[in-house]
Amino acid sequence: MFNRLVAFIYRTVFRALARIWKPTPRKLRSSEIRAILVFSAAGIGDTLTDSVAIRALKETFRKATVSVVTHRRRAALARHNPYADEIISYHKSFWRFFQLARLLRRKKPDVVVMLRGNDPDLWPLAWIANRRAVVSWPGMTRFAFLIAYPVDIPDWDHLHGVEQTLRIVGVLGAETKDKRLVYETREVERFQMRERLERHGLRPEDPIVIFQVGGGRRSSWRDWPTEHYVELGCELLRRYRARLVLTGGIEHYEKAVRIQTKLPEGVINFTGQVRLEEMAALLASAKILVSTDTGIMHLGFAVGVDTLALIHCNNPAHRVGPYGYADRHLVAQLEPPTGVPVSTDVPMSLLTPAAVWAKLETLCRRHRLEPASAARP
């Protein structure tokens, strides 16, 4: 209720202001673009998806400074994107709104690109930064009256997330041939993670397989059942010499414990114990990631660990799955039973461990994991 009230206040106030100071578009000349302000302030997955558009902007406007406004909880993603020259941390509060409004206004950006923003105050901030140069797709917001350059993308809902934001920056002439997600881990982070893994008894040569056991609370329909993870983990450890690590948020800790107690000894439970940068370093140390449609799935794509994505039919792989990687990553997608419409009501339990194992074994063979029966040194 409070959030709706705040959004209503912002819409009312800035609709009135936009009638006085109209967002009349100024002519954008590519040769004159020297300062680009980008808003990318959604969840982990969407923020990583936006990273490709940021790459396109920097590759196209090499002399321009690309500043990225992002949520403070996801700022690590932008800090690990080499195509972002400056990171501006955002969080929702009236005090921070006025601070940012002043800061962004002083930057005098030549163009303001709204890729994604979940909070209502982001659109007024973009308008304040340069009301005559806001570029975005109006279909994602109720603040379309603040957009100077509305981008027409009629097939938005049928596009992959990468292509969605590439279409937005495409009106500026920005493009890239590399459509892989962007996240570069740092050597010090990888070193610290290797030390941490060694404290848990993992050697550098041990093949690590990660199960991400859950995603966001609001989309629990995408989660895979506890018993399915148990069955898959038992099959993996029965057949191959692998070290299994469970990850997730603190809200997934009890689920991970239930999984861990039903698996052979030696499974490591890291749920709720790693920050975003540490998770990226852990993924960089692993051979395989198994994850449902979560931000960590996208982080796996970006870091480069071979990922098996467990996808719900309501948000299918052609929209959220791996993009630009050829057959590097694999997908096991839930399909509704015959005659049942696609919806969040179709349970992920229908995606069986047997179907997922067929894909996981492909990755195990790709990495030439030793059979579990092989003699240990």
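Bear in mind these aren't lab numbers, they're just calculated from the coordinates by the rules spelled out. In this text, all values refer to a predicted model and were calculated from it rather than measured experimentally. Backbone-built Cβ (ideal geometry, glycine too); neighbour counts: all protein chains shown.
Relative to the longest principal axis of the chain, what angle (0 to 90°, nearest 10) does the C-alpha long axis of helix 276-285 take?
Taking the Cα atoms of the chain, the angle to 276-285 is about 40 degrees.
Principal axes first, then extents: for the Cα atoms of the chain, list largest minus smallest coordinate on each axis, whole Å, largest first.
Cα spread of the chain along its principal axes, largest to smallest: 75, 50, 38 Å.
Excluding residues on the same chain fewer than 8 positions from K107, give the lysines whose Cα lies under 17 Å from its Cα.
K63
If you stretched the chain out fully between V340 and R366, how much longer would it get, using 0.36 nm times the residue separation minus the C-alpha to C-alpha distance? Write out the running numbers ahead of the final one.
Working: separation 26, 0.36 × 26 = 9.36 nm, distance 3.56 nm.
Extra length from V340 to R366 when fully extended: 5.8 nm.
If you average over every viewing direction, what projected area does the convex hull of the Cα atoms of segment 241-333 give, in nm²?
Details: hull surface 26.1 nm².
With every direction weighted equally, the projected area is 6.5 nm².
Just grab the label-to-label distance for F191 and F8, each label 7 Å out from Cα along the Cβ direction, in nm (one decimal).
5.6
Roughly how tilted is helix 2-20, in degrees to the nearest 10 and between 0 and 90, from the longest Cα axis of the chain?
The answer is roughly 30 degrees.
Give me the compactness ratio for segment 2-170, meaning the Cα radius of gyration over 2.2 N^0.38 Å.
Values: Rg = 14.7 Å, N = 169, 2.2 N^0.38 = 15.5 Å.
After normalising by residue count via 2.2 N^0.38 Å, the value is 0.95.
Distance from a point 7 Å along Cα→Cβ of K262 to each backbone N in segment 206-232: keep the residues under 12 Å and list them by number.
Of the residues in segment 206-232, 225-232 have backbone N under 12 Å from the label point off K262.
Would you calculate a helix-derived [θ] at 222 nm for the chain, using -39,500 (n - 2.57) for each DSSP H run of n ≥ 4 and dividing by the full residue count, to the nearest 500? It would help to have the intermediate numbers written out before the result.
Numbers: 13 runs with 146 residues, N = 377.
After summing the helix terms and dividing by the residues of the chain, the value is -12000 deg cm²/dmol.
Could you compute how fast segment 81-189 diffuses translationally, taking Rh as the Kirkwood radius over C-alpha pairs and applying Stokes-Einstein at 37 °C with viscosity 0.692 mPa s? Give it in µm² per second.
Details: Rh = 15.4 Å.
So the translational diffusion coefficient is about 213 µm²/s.
Using θ = phi - 60° and the Karplus curve 6.51 cos²θ - 1.76 cosθ + 1.60, what whole-Hz ³J(HN,Hα) does each residue of segment 51-65 get, with Gly and Pro shown as x?
Each residue's phi maps through the Karplus curve to give 4, 6, 5, 5, 4, 4, 4, 5, 5, 7, 10, 5, 8, 7, 8 Hz.
Along its principal axes, what span do the Cα atoms of segment 187-366 show, with the longest given first and each in whole Å?
So the extents along the principal axes, rounded to whole Å, are 52, 36, 33.
Quick one: if you stick a label point 7 Å off each Cα along the C-beta vector at T352 and A326, how many nm between them?
3.2
Quick one: if you stick a label point 7 Å off each Cα along the C-beta vector at E235 and R199, how many nm between them?
3.5
How far is helix 161-170 tilted, in degrees, relative to the longest principal axis of the Cα atoms in the chain, given as a value from 0 to 90 rounded to the nearest 10?
It works out to around 30 degrees.
Once the Cβ-Cβ distance between K27 and K177 is put in as r, and R0 is 22 Å, what FRET efficiency do you end up with, to the nearest 0.05? Don't skip to the end; give the middle numbers.
Values: r = 28 Å, r/R0 = 1.28.
FRET efficiency, K27 to K177: 0.20.
For P25, what is the net charge nearby, where nearby means another residue's Cβ is under 15 Å from its Cβ and Lys, Arg count +1, Asp, Glu -1?
Working: positive: K22, R26, K27, R29, R131, R132; negative: E32, D110, D152.
Residues near P25 contribute +3 overall.
Could you derive backbone 3J(HN,Hα) for segment 346-360 from the dihedral phi with the Karplus parameters 6.51, -1.76 and 1.60 (θ = phi - 60°), listing whole Hz in sequence and x where the residue is Gly or Pro?
Calculated HN-Hα couplings, in order: 6, x, 5, 4, 6, 7, 7, x, 4, 5, 6, 4, 4, 6, 5 Hz.
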